[in-house]
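The values are calculated or read from the model by the stated rules, or taken from the named source; none is laboratory data. From a predicted model like this one, the values you see are computed outputs, not experimental measurements. Glycine also receives a Cβ, built like all others from the backbone with ideal geometry; neighbour counts cover every protein chain displayed. Remember, those area values only see protein heavy atoms, side chains included, never the ligands or the DNA or RNA. Shrake-Rupley method; radii C 1.70, N 1.55, O 1.52, S 1.80 Å.
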Amino acid sequence: MASKARVIYWFRTDLRLHDSPALQAALDLQPECLWPIFTWDPHYVYRVQGAANRWQFLLDCQNDLSASITALNPASRLFVLREAPQTLLPKLFSAWNVTHLVFERDTDAYARARDATILAAAARAGVTVVTRSGRTLWDPDALVRANAGKPTMTMSQLQAAGRKVGPIPPPLPAPTSLPDPGAMPLEHVEDTHHHHHPPETTAGPDLNARWREGQDAGYARLAGPQGDFAVETLAELGFAPAAATTPHRGGETVALQRLDTVMADVAYAATFRKPQTSPAAFAPASTTLLSPFLHFGALSPRLFYHRALEACSRFRGAPSAPPESLTGQLLFRDMYFAAQAALGAAMAQTVGNPQVRYVPWHLPSKVEYVGGASYTIDHPQAEEWFQRWAAGTTGFPWIDALMRQLRHDGWIHHLGRHSVACFLTRGGCYIHWERGADVFAELLLDHEPACNSGNWQWLSCTAFFSQYYRCYSPVAFAQKWDRDGAFVRKWVPELQRLDKKVIHEPWKASPAELRNAGVALVDFPGVGVDMAPGTYPVRMFDFDERRRICIAGLKKAYEVGLHGDHDKVLDGTALDLFADAGEREGEMEGQELGSNAATAAAAASRPGSSSSSTAKAKKRATGPMDRYAKKQKVR
DNA sequence: TACAGGTTGTCCTA
DNA sequence: TAGGACAACCTGTA
């Protein structure tokens, strides 16, 4: 083994130089060689492949980081290597005589499994692994320990755990120099084909399987199409030039500039109250738009936190406080990360999750593909509603505007997410929150698995939040925030000239009003069929009626009181408990659901309902089932 | 057991 | 524009 340290610094989702405890740890080794590498991780590659916007943002971050590294050492850059880290790193260990591997910890279920593999390989190769926590304010595992090993399900739990763990570390400065990279021989590393083929894994959804075909050409070389380790272009990834439609650009440089701009407006930063920011504001948005940078690690949450505190200290007046303040937003992020750290893969799904309520939603995930994008179409109407929701053709202008902004820009305001999420689940369609989470996962620039799952659970009232009778109206909420309809006009140009009195409920417009606006309300032509120019669909249901049905359905589900780790959820028989209630969500006569036999059969054949999880389910089920029994007796 | 509080509802009344 | 009803959930504290 070499006497001096020869270090691989492995960038994953920490694409920055400032406040990187892991990078600092690497430099503290005073290495003879330091290779800053970014591996192509098929798990993430295939998840984002359908979303050119996210690719663009990632490439922005990589390019910016590469330039910053070169500025610190002209011989160095970000070396992008196109192979799964599980197979690549062990080969590099020996080919490059590596002594240390350094990276930032990641608590996603997939990342934990991957890193366990890497750690074992490093141990076999005699390579020392150094990791640090830098993705969150506190180390999520430390928060879990401080919360008695349980997931943090409320803000007060998170804050109490945070107090126990200790003060949030101040941000570290960016390094002023970097060691040379060593020689990077690949002769004995490189195979001839399929470096980036995905390893066998069921640890997370493969959202973009339909995009995978035809994407393999041109990446046979470990060091990229040009053989120079360069960051690829969108074209090299197989996207059309105009595929990325978002105006939002990535990179640490942009992130730090944007942070400066936000904090320069001391009054804005110090009095920020999230619930009072407008979901209809655009150019500029009412919030900071820093979340995509946090996701890709181009901005440190600790730097953001301490800069926000600094703004409060400079403000002459009463600053806002958590949970509504800017710092409060970061605390919520840590709450979801710590919940995920305790729950593991179950965080992203209902089945097996002790914290998530069972609700017999439409379009449930196929149990044998837990966490995947495969689901059971239990009701054709629900499937059509889901497709219309995802495409922004529901006939509710507010919902459609938000979904179109999401698809085009990759970002919508938090309250907009509330609005469309409530609409899809407990406040309209009664469709499984996992379907909505899948769509957000594909389209959001700032998609963070823990926060996405947690927020969908929150909005569907299956965890974190339970006041299901508070329901967002696609009309009233729109009228509150988009009084004149400017937001709808931007994203639903069909309604551009419609009077503001009816812009959020065009079904109430008179024939003359529609004629004057140059728009015709038409029956939805069908999933996959383009709307004719100058037409807009009739609303896909009566919202007030659907709200009543959904609230009744949630009431029933709360009475039944099952959670995702209950026997009946694990074996697929939970649905039976809703059979004697007539329609499981209290739907009207003549609207009964299609057969659920397929769902039940699929669930029953699930291989993984082990005895240990069953025992755990029994143990936990006592409370909810007691409650159910009591209610039954009272009746 | 009672009660207050919970980042971000809606609708009607005064 | 403010305040209460709506119908009623959870957690945390005393």
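Structure summary
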| quantity | calculated |
| --- | --- |
| For A:LEU34: the one exception among (1) part of a strand (DSSP E or B); (2) within 30 Å of the chain's Cα centre (by Cα); (3) of a type outside the set (Lys, Arg) | (2) |
| Which numbered condition A:ARG210 misses (of (1) modelled with pLDDT of 85 or more; (2) of a type in the set (D, E, K, R); (3) not in a loop (DSSP other than H, G, I, E, B)) | (1) |
| Of residues in the stretch A:241-254 being in a loop (DSSP other than H, G, I, E, B) and either open to solvent by less than 60 Å² (accessible area, probe 1.4 Å) or touching a Cys at 6+ places or on another chain (Cβ under 8 Å) (or both), the one farthest from A:SER291 (Cα to Cα) | A:ALA243 |
| Cross-chain or 6+ apart pairs with Cβ under 9 Å, the stretch A:460-475 first and farther than 25 Å from A:ASP400 by Cβ, then part of a loop (DSSP other than H, G, I, E, B) and near DNA strand C (Cβ under 10 Å from one of its atoms) | A:THR462/A:GLN355; A:ALA463/A:MET153; A:ALA463/A:GLN355; A:PHE464/A:MET153; A:PHE464/A:THR154; A:PHE464/A:GLN355; A:GLN467/A:CYS461 |
| Flag if A:ASP378 is acidic (Asp, Glu) and in a helix (DSSP H, G or I) | no |
| Every residue from the stretch A:392-405 that is crowded, with 24+ Cβ neighbours inside 10 Å and either touching a His at 6+ places or on another chain (Cβ under 8 Å) or not β-branched (Val, Ile, Thr) (or both) | A:PHE396, A:PRO397, A:TRP398, A:ASP400, A:ALA401, A:LEU402, A:MET403 |
| Positions within the stretch A:312-326 being in a helix (DSSP H, G or I) and surrounded by fewer than 24 Cβ atoms within 10 Å (Cβ to Cβ), in sequence order | A:CYS312, A:SER313, A:ARG314 |
| Tally of residues being surrounded by fewer than 19 Cβ atoms within 10 Å (Cβ to Cβ) and more than 26 Å from the chain's Cα centre (by Cα) across the stretch A:40-75 | 7 |
| Any hit, the stretch A:142-156, residues being of a type in the set (A, V, I, L, M), more than 16 Å from DNA strand C (Cβ to nearest atom) and in contact (Cβ under 8 Å) with a residue 12 or more places away in the chain | yes |
| Residue list for the stretch A:262-297, restricted to those being in contact with a Phe, Trp or Tyr (Cβ under 7 Å, 6 or more places away or on another chain), within 13 Å of DNA strand B (Cβ to nearest atom) and of a type in the set (A, V, I, L, M, F, W, C) | A:ALA280 |
| Residues located in the stretch A:443-472, provided they are within 16 Å of DNA strand C (Cβ to nearest atom) and open to solvent by 20 Å² or more (accessible area, probe 1.4 Å) | A:TRP458, A:PHE464, A:PHE465, A:SER466, A:GLN467, A:TYR468, A:TYR469, A:ARG470, A:CYS471, A:TYR472 |
